[in-house]
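The values are calculated or read from the model by the stated rules, or taken from the named source; none is laboratory data. The shown structure was predicted, so the numbers you read here are calculated from the model rather than taken from an experiment. Cβ placement follows ideal geometry from the backbone for every residue including glycine, while neighbour counts extend to all protein chains displayed. SASA here: full protein model, heavy atoms, side chains in, ligands and nucleic acids out. Shrake-Rupley method; radii C 1.70, N 1.55, O 1.52, S 1.80 Å.
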Amino acid sequence: MSNPRPPRQPCWDFSRGRCKFGARCKFSHDLTPPAKNEFTGSSTVRDRQRPSPSGRREDKLQEWKQVLRQGRYSTNRATSDRFFQLALELVGGDLSECQEVVKLLSGEDGLNHIRLLAEKHVPSAVDNHSKQDLWTKQMQPLFTLITHQRVVDSAVLEQQVAAIYNFIQGVASRRMKIIFDFVIGLAHSASVTNTLVTTASSPISKLAIVEICLAVLSKMVDCNTTNIIDQTFRAVTQQVSSILKGMGTTSSDYLLLQSHKWLRYINCRLGVGDELASPQAPATGTIRSRAKFTLPKNLPGHLSASGRRHDNDHANIADISILPTHQEVKSDRAEYLPSNDPSSFHLPGIRGRLDREFRLLREDTVGQLRDAVRDLLEMIRSRGQAQQSRPRERQNLFTYIYEDVKPVGASFEQVHGLDLCVMFPQPRSNTRLKRREWWTQSKRLQPGALVCIINEDGSVIFCVVAETTTITGDQKSKEYQHTNIPEEKSKEKRPSLAEDEEFAYVHLNLAELKEDSMQQALRWYQHVGPQRRACLVEFPGVLLAAFQHTLEALQMMSRTPDVPFIDLLAPVTPTAGIVKIPPPQYTTKADFYFDLQCLAKDNTNLRLSPTQHLDPRTLTKHSTLDKTQSSALLDSLSRSLALIQGPPGTGKSYTGEKIIKVLLANKLKGNLGPILCVCYKYQTNHALDQLLEHLLDDGVKQIIRIGSRSKSERLESVNLRAVARSATREEAGEVLEAHNLTALLPSIEHCILIGDHLQLRPQIQNYDLSSANPRGIHYSLDVSLFERLVRPPQDESQRLPFSTLDTQRRMHPSISELIRQTLYPSLINGGDVATYPEVLGMKKRLFWLQHSMPEDREQQQDPTSNSHTNSFEVDMTVALVQHLVRQGAYGPDDIAVITPYLGQLHRLHRVMQASFQISVGDKDLEELSALDASKVGQQDESPARAANTPVRTTLLKSVRLATVDNFQGEEAKVVVISLVRSNQQRRCGFLNTPNRINVLLSRAKHGMYIISNSDTYEHIQMWADVITMLRDKDNIGPTLELQCPRHPYPPIEVSTPDHFLQFSPEGGCLQHCDQRLSCGHACINRCHSQVLHNASQDLSSITCKELVVKTVPGCNHAVKVQCNVDVTTSNYTCISPCGDPQSCPSLCGEACPDPKYCQICGDDAIKSTMVDFIMGMQYHEIDLDEDPCIFPDCGHFITKTNMDGIMDLKAHYEMSADFDSCPVALSSSSTPFSMDEVKTCPSCRGSLRNIARYGRIIRRATLDEATKKFISWSHNAFLKLADRLVGEQARLEKEPAPAATTQQHQPQTGPGTLLLSRGRRQQLNKISDWVGNSRYKNVLRLWGEISTFIGQVRKEEQPLQRVADHVRHATTQRKTTTGAFAFDESALQVKGVLQASALLLRP
């Protein structure tokens, strides 16, 4: 095989737009760099010298700008060719470069190139070859550029794009006529092929020309509405249309489908109105497909005009990997996301619907992982590894990064396959206990958590934490807990997270068992290829199982789309208006009817069949159902796919229960299988429990409950797993359509959806896919199947009939009016809601407390904070709840506090848990725990228990606390709402949709109180309507009126948290309570509720200050105490004196002890204290008249005899000869250092200085102790100074003698003459100045320290001398001659002074 011909060298002049030879040039005009052979093993020198991709893009942009400017003075055809080709290449690259190219193209220089194309190059192309060449190199790149998705969809480039299109059209459409005459003529001569892009080597495709022309025309009519009546535009459109019609309509080719779509849209704008024949022509009597401007590159896989985006871009969702691939992560092209318009789907009917739900759900879940990994790859490339184990956030997705990850082991498990053990440096390397607590509290790397391994080369392996992962080595893993592994093996220490002090070990399973993932993991484990650093990224809170099974189910359904009710859910040819729904198939059997006698309260025979209808009024009359409930039940039994809308409080669960009851009663007659009642949301679990419990009450035994969140003890024995032919679904309006579709098994014949599309929509993660986002409204992933069927996005689409429950039995009419006027005009009040009692302690049952205090984020001006809290509303909410609780009339869960934000919920819980028992729902509990865990995970150490960890409670006295989204389906008597947001920009967050506002306003039964800044919300239409209604009835204002239960006047107005305690400290008013206590005295409290007053009848719980006389048992003293004091208890201490002063248990002259030491009235602990260690006698056995006790300050006490012995009193005093043995005279003068220690309390070694009897002994010992400390200190200080002096002498001897310098201030008495001053210090200073450097600096400093030391050790500073001086001074002041302090002055220490003075004399 011959060698290929070497490529020609690039033309230097052409690269600068100056080549005059054109096609005859011997050099290459192809400036694109040759592609590197991907199969070569090593790079060539040229490859290694090639600039980076970003560098090549910048070079191309600079080159294009040069070519752009050359258009001013050069009309060279080659220059224009390069201009349009390079512009198209740049538009498909970096986004910023794309925007810059379009902006420059819309400028004068860019439009000049378009002018040259139309006015010079088109007329110059006379033969067919030159026309094809001009189309390939200029016209087609231009058309492709101006219809590029980035260009036409960009809000930033809207004006520039319109300018380009209008310039192409030109004045009076002359330029458009030139261009399209050329293109249409070329199309007539082109071959009929389906080639998307024409190249120099491929034939020009007629279909490709027609498709891109129609794309340009469809955008042109949008940019200039005058084209609707422009005859030239209409003529061009008709010519292109005639070419398309001549090609036939039988092909299903992408270009043909897209061409017809463009043409339908153009004709719709032009008002032609003729339905064009297409490959999917709608049948007569059906609605027409809604024309919509879409772009070909939006389609998936090979259907994309630009080809596949990456290796995971497929037209068939069954071929798509659930988790992103390496190429998908690196791709910068947007994913194909179908809109909510079925006419734009690339697949018809149910397959198109399954395709849409799969792609949008995957983007909502997997998309955030893909984007986070892409950001991490960029971070690793640009900045290196991140800080170890630091949390990072992309929008709402947090990640934890563990660097320097290395594989240490691999094995194959029976269930999960490959088990890969990896290690990384310990994030926390304290003690084993601290590491274990940190890993436990932070909840990191728990089994089931989704992680990925990222290498420096950009490879990504998605894994889940295996069940074999443990925190400590001796912990039994979850996998072993359910196996029969021998106990000795299960107790073996395995690598764990916290065991090793240097490294943490975690076991991983592949997230998807695919061959390429397996090979990649094994290559990494076997160290195949160059060694690169890797990091482990954890996605906390993201569970693969939460979305993987749903996505896989949608893929499976797409392969064989056997879905029931497809003509209703996703018809290929939808009909206009409301469709008629056929009855369930099992009801069409001969002689079948529903026996409704199970609903009759009077045993009336009631029947319903497809041929025998029942009037809802009849059912209402003979059952407990109201009119709308009866109508809904009958409609649901008559329709195979039934929808019931239940506004708040209208009895959705009750109606569903009755429907199930009827189905069960007719189970044998209809040969029905199991009935599946599906509940997806946390907060509706209680409704499911209640429904199933009611069925148990009605005798239904065969019940299976799916799920583990039941709080009902009666349902504990119920297990799961069943298949159904009949399904009832509650809260269908809050479930993603993907979840609905996957639950529709092929065998289902009857489906009943019960929900409310005006309440909360399904929760999604990606706001760009939300219907509340203007950018995401054409996706509307958060629109449920229920809402789409009853309120489709296109007005002309088919609709399904639905029943509405209209009677609400929850809210007081004043509260229900807020949602009736705004959302439910037919809502009526039923039951006893109109007779609800007033809210105790409040003037009004409905009020909006208006304030202007800014939210915390606004006040702190912290743009990095992503949580929303409002401290003022926290304090105000807590104060209001405390006031309501003080009324004493509200039981468990009667009071609920609702807030939109988890951050505010966390603050409220932290503050309220100190005063109340908080009840938190399961979902909020998990989110609060996750929030606390994330905070613990960022701390250096973990406490024994994370701070503020919420605890689920079932106690009777509790206040409910919840976020809005997790309180749907719940209710409370009194609801307090903190809206949080308060800012000058009037940003109200996600409370700008009627759905959430509806849920927020419909939870309260008796009363509702909103605390917020109405100015922040009033620009939202529904909020404006609500605020107007509140203003009309004076239910909004800056002050909240409280009401005393006994004294309604004067009114109590509060506007700050402190006002509650100031004006209503006990839930009433400031007047005194006018009722009597059980003791007969007047209640001394402030006015409070009757319930609180009744609770205060127990005297031990209040303080009745009325003085009464009571007798103390034991000592029988009559004491005068407050009425509430109980003197009969063992804890009471008698306060009455025990007789005359002689009864004091201590010595005369000493301070009397506390009355609790009374030998008569004291408690048993005092009386049983051992006070005589010699005789072993307790306090109550001592005769205090003979041997009183000594009571030091420490609290212990001992007899005088024992204490005298301990103090060795006889060694210091001459004692009397009588029994008392009292000191009568000093035995001798006090000799210094005669005592070995300072005497202390024998029990605790406490001080005895307060005992006058032993004062002389204590002071003598203390003085000796102080003198000893002085001697020790002075000796140590001298040694340090002496050592330093010796060191300085040695240093001076070693250093050379410096030359003397003459100072300016020194008098010149002659050469080499130095005048010395008197005094040694002055002489040293003179010498230092004469030398002129720092030679004697340290010597002078040492001299000063020695002088200071001499002052500290002179005799005036010694303890003995200072005591003598104080005594002499006191004697002088008192003018007495007695009490002089005499001591032997030989005890004064002079050694320190002499030693220090000697140091000063040393040379």
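Worth a mention:
- Any hit, the range 888-896, residues being open to solvent by less than 10 Å² (accessible area, probe 1.4 Å), among the small types (Gly, Ala, Ser), touching a residue at least 40 places away in the same chain (Cβ under 8 Å) and more than 24 Å from Phe1060 (Cβ to Cβ): no
- Yes/no for Pro584 being over 39 Å from the mean Cα position of the chain (by Cα) and either at pLDDT below 85 or open to solvent by less than 50 Å² (accessible area, probe 1.4 Å) (or both): yes
- Applying the criterion of being aliphatic (A, V, I, L, M) and under 16 Å from Ile1160 (Cα atoms) to the residues of the range 1121-1135, the residue that is most open to solvent (accessible area, probe 1.4 Å) is Ile1135.
- Check on Ala118, within 52 Å of the chain's Cα centre (by Cα), at pLDDT 90 or above and in a helix (DSSP H, G or I): no
- Filter pass, Glu716 being modelled with pLDDT under 80 and farther than 26 Å from Ser640 by Cβ: yes
- Considering (1) within 56 Å of the chain's Cα centre (by Cα); (2) surrounded by 17 or more Cβ atoms within 10 Å (Cβ to Cβ); (3) at pLDDT below 90, the lone condition that Ala190 does not fulfil carries the number (1).
- The helices (runs of 4 or more DSSP H) located wholly in the range 428-530 that include 2 or more residues which are more than 33 Å from the chain's Cα centre (by Cα), modelled with pLDDT of 80 or more and closer than 20 Å to Thr325 by Cβ occupy 515-525.
- Applying the criterion of being part of a strand (DSSP E or B) and touching a Leu at 6+ places or on another chain (Cβ under 7 Å) to the residues of the range 537-568, the residue that is most open to solvent (accessible area, probe 1.4 Å) is Leu543.
- Selection within the range 340-371 - modelled with pLDDT of 90 or more and small (Gly, Ala, Ser): Gly352, Gly367
- Matching residues in the range 598-624 - criterion: being surrounded by 12 or more Cβ atoms within 10 Å (Cβ to Cβ), without any contact (Cβ under 8 Å) to a residue 24 or more places away in the chain and part of a helix (DSSP H, G or I): Pro616, Thr618, Leu619, Thr620, Lys621, His622
- Checking each residue in the range 312-355 for being more than 30 Å from Met379 (Cβ to Cβ) and β-branched (Val, Ile, Thr) picks out Ile317, Ile350.
- Test set (1) part of a helix (DSSP H, G or I); (2) within 20 Å of Phe990 (Cβ to Cβ) - Gln882 fails condition number: (2)
- Filtered residue count, the range 1038-1067, keeping only those that are in contact with a strand residue (DSSP E or B) (Cβ under 6 Å, 6 or more places away or on another chain) and either open to solvent by less than 30 Å² (accessible area, probe 1.4 Å) or aliphatic (A, V, I, L, M) (or both): 6
- Given (1) among the aromatic types (Phe, Trp, Tyr); (2) open to solvent by 10 Å² or more (accessible area, probe 1.4 Å); (3) at pLDDT 95 or above, index of the condition Tyr1009 fails: (2)
- Test: residue in the range 1199-1215 that is of a type in the set (Ser, Thr, Tyr) and touching a residue at least 60 places away in the same chain (Cβ under 8 Å): no
- In this structure, Asp635 qualifies as touching a strand residue (DSSP E or B) at 6+ places or on another chain (Cβ under 6 Å) and open to solvent by 30 Å² or more (accessible area, probe 1.4 Å).
- Checking each residue in the range 1327-1338 for being at pLDDT 80 or above and among the hydrophobic types (A, V, I, L, M, F, W, C) picks out no residue at all.
- The criterion of being modelled with pLDDT under 85 and surrounded by 19 or more Cβ atoms within 10 Å (Cβ to Cβ) does not hold for Ile401.
- Which listed residue, of Arg234, Arg264, Arg269, is among the charged types (D, E, K, R), modelled with pLDDT of 90 or more and open to solvent by 40 Å² or more (accessible area, probe 1.4 Å): Arg234
- For the range 1064-1110, taking the residues that are within 44 Å of the chain's Cα centre (by Cα) and farther than 14 Å from Arg886 by Cα, the one that is modelled with the lowest pLDDT is identified as Ser1101.
- Members of the range 1012-1037 that are open to solvent by less than 30 Å² (accessible area, probe 1.4 Å) and assigned to a helix (DSSP H, G or I): Ser1014, Thr1016, Tyr1017, Met1022, Trp1023, Ala1024, Val1026, Ile1027, Leu1030
- Within the range 412-423, no residue that is over 20 Å from Arg523 (Cβ atoms) sits with its Cβ atom under 7 Å from a residue that is of a type in the set (Lys, Arg) and surrounded by fewer than 19 Cβ atoms within 10 Å (Cβ to Cβ) at 6+ positions apart or across chains.
- Output for the range 652-671, where each listed residue is part of a loop (DSSP other than H, G, I, E, B) and open to solvent by 10 Å² or more (accessible area, probe 1.4 Å): Asn671
- Residue within the range 113-134 that is open to solvent by 70 Å² or more (accessible area, probe 1.4 Å), polar (S, T, N, Q) and under 20 Å from Ile212 (Cβ atoms) present: yes
- Qualifying positions in the range 1212-1223 - at pLDDT 75 or above and out of contact with any helix residue (DSSP H, G or I) (no Cβ under 9 Å at 6 or more places or on another chain): Glu1214, Ser1216, Cys1222
- Scanning the range 1284-1292 for any residue that is open to solvent by less than 30 Å² (accessible area, probe 1.4 Å), in contact (Cβ under 8 Å) with a residue 60 or more places away in the chain and under 30 Å from Asp1183 (Cβ atoms) turns up nothing.
- When the test is whether a residue is modelled with pLDDT under 75, within 17 Å of Ser1397 (Cβ to Cβ) and surrounded by 10 or more Cβ atoms within 10 Å (Cβ to Cβ), Leu1324 passes it.
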